[in-house]
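Only one structure is covered here, and it is reproduced in the block below.
Nothing in this text is a laboratory measurement; each read-out follows from the coordinates by a stated rule. As the structure is a prediction and not an experimental result, all values here were calculated from the model. We place every Cβ from the backbone using ideal geometry, glycine too, and count neighbours over all the protein chains shown.
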Amino acid sequence: MHTSLDSFQKARPIWGSISEYVTTRRYRCLFTVIVLIFALKSALLIMLHSPSAITCENSAVKVEPKKSSSEPSRVSTNDARTSDGVSAQVVVNGNYNIEQQHNDIGHVKDAPAVDRDLIGITVDINYNLNVPSNWYDSFETTSPSYDETMISLHGHNIWKDEEGDELKELSLSSLLDQLQLTNNSFKLIGSPLDFPTLKKLLEEIKPKIFLEVGVFQGMTSTWVAHYFQSQSSFKDSYVISMDTWLLDIRFTWNGVKSKHVKETKTLPYFIGTSRPQGGYSTMYYHFLANCIKSGTTDRIVPLPTSSQNGAMTLLSHGIRPEFIYIDASHSNPDVMIDYENFFTILKPGGVIAFDDIGIESVKVAFHALVRKYNLEYHALHKQAYIYKRKEKYE
């Protein structure tokens, strides 16, 4: 037996010696710690690369289309998912993420840069609008009237040709005649906020100033203006219509790298509406003609400027709308800047509504805003609205 045992011990592989070595009392704890560290590291790598892992920064969340419903769904940032399948806290598709910095969430990485195009072009955004708490102290507490806003912004009523103007060929009516917009039938295409919801919010908020950011032909602006005219409770209410009216996405979408080239040549959105002159859009005058034809010029103040400059204009004049509807640029950083600017400018107690939140470039900006201010929003399929509570922001 001793001879057999000696032979066996001599024939044992090297791993047997190692096993015997590490089982000694002196090295047992060290070996255990090494094994645990290796196991923990392996598990962590698996979690980080697993498509089923869900975190607040990036995830792969399946988005299912929401069925049409007349009632909006209330969603808070504590909910795991909205009624349309989009998480209020988790950014969808894992291509970009929202980073938390201290208690402020204002940094977005790898956000889609272009409206439904140029896939792979992304931007990193870190933007905050800082307005001093006493900024509005020097302005009147009540919102300015239609006439006050018109004069403050333009210096005169733009709907009326100035008396004594010797250059009649430059008058608004003459320009519309030259562009053959005077006798055209009144028709609009656009993407207004769901009309039953729009009416409900107007009656609830009773805004004196309704701001539309991104106007196009004026479907929403003229509808709201006409509603103001028809209701005695809105006798002092009016619309500020803010847009560049340049339709400049056409320059991006007709490029060789774009997948929308054919659309710029066939869609009504691009043809037959702006009739560029010298390569410059005339859609602004199409909008003005629609306002005249709809009989709503006494309730609409046009503001032809970019949304970023428009936000600074409202701050400069102390204008705080009680109702804002945003359907402007869908490219970044434009969208994120617009949402930050106009939520900040919105009067406490008011409401802000958003269009096309299902588009990826818009979605990331919308959820960044929701998370940043810990907001509850009301989902309307691909639209949404948010109240700016007085008790929180006054």
- prompt: Between LYS199 and LYS257, what length in nm is gained on full extension when 0.36 nm per residue of separation is reduced by their alpha carbon distance?
  reply: 16.7 nm
query: Stretch GLN308-ILE151 to full length: gain in nm at 0.36 nm per residue minus the Cα-Cα span?
result: 54.4 nm
In sequence order, calculated HN-Hα J values of region 237-247 (Karplus, 6.51, -1.76, 1.60; Hz; x Gly/Pro): 8, 7, 10, 9, 9, 10, 6, 7, 6, 8, 6
- line: In nanometres, the difference between 0.36 nm per residue of separation and the alpha-carbon distance of ILE189 and LYS390 is 68.9 nm
task: Of the options GLY310, SER361, ILE345, report the single residue whose Cα projects farthest towards the positive end of the charge dipole of region 135-393 (beta-carbon charges: Lys, Arg +1; Asp, Glu -1).
output: SER361
- prompt: How do GLU340, GLU203, GLU394, GLU263 rank when sorted from fewest to most other Cβ atoms within 10 Å of their own Cβ?
  reply: GLU394, GLU203, GLU263, GLU340
task: Calculate one ³J(HN,Hα) per residue across region 330-343 by plugging θ = phi - 60° into the Karplus curve 6.51 cos²θ - 1.76 cosθ + 1.60, and present them in order as whole Hz with x for glycine and proline.
output: 9, 9, 10, x, 3, 5, 5, 5, 4, 5, 5, 4, 7, 5
- prompt: Under the classification rounded if a/c is under 1.5, otherwise prolate if a/b is larger than b/c and oblate if not, where does region 297-394 fall, given a ≥ b ≥ c as square roots of the Cα gyration tensor eigenvalues?
  reply: oblate
task: For each of TYR377, TYR385, count neighbouring Cβ atoms within 10 Å of the residue's Cβ, then give the residues from fewest to most.
output: TYR385, TYR377
query: Can you list the residues, at least 5 places off or on another chain, whose amide H is less than 5 Å from the amide H of ILE240, using H built in the peptide plane?
result: PHE210, LEU211, GLU212, VAL301
statement: Exposure-ranked with fewest Cβ neighbours within 10 Å first, ASP298, ASP243, ASP356 stand as ASP298, ASP356, ASP243
message: With the crude spin-label approximation of a point 7 Å out along Cα→Cβ, what separation in nm comes out for ILE121 versus ASP161?
response: 4.3
Estimated distance in nm for a label pair at ASN134 and SER316, the labels positioned 7 Å out from Cα along Cα-to-Cβ: 2.4
message: Explain nothing, just compute: Karplus ³J(HN,Hα) = 6.51 cos²θ - 1.76 cosθ + 1.60, θ = phi - 60°, for every residue of region 297-304 in order, whole Hz, x for Gly and Pro.
response: 5, 6, 10, 10, 10, x, 9, x
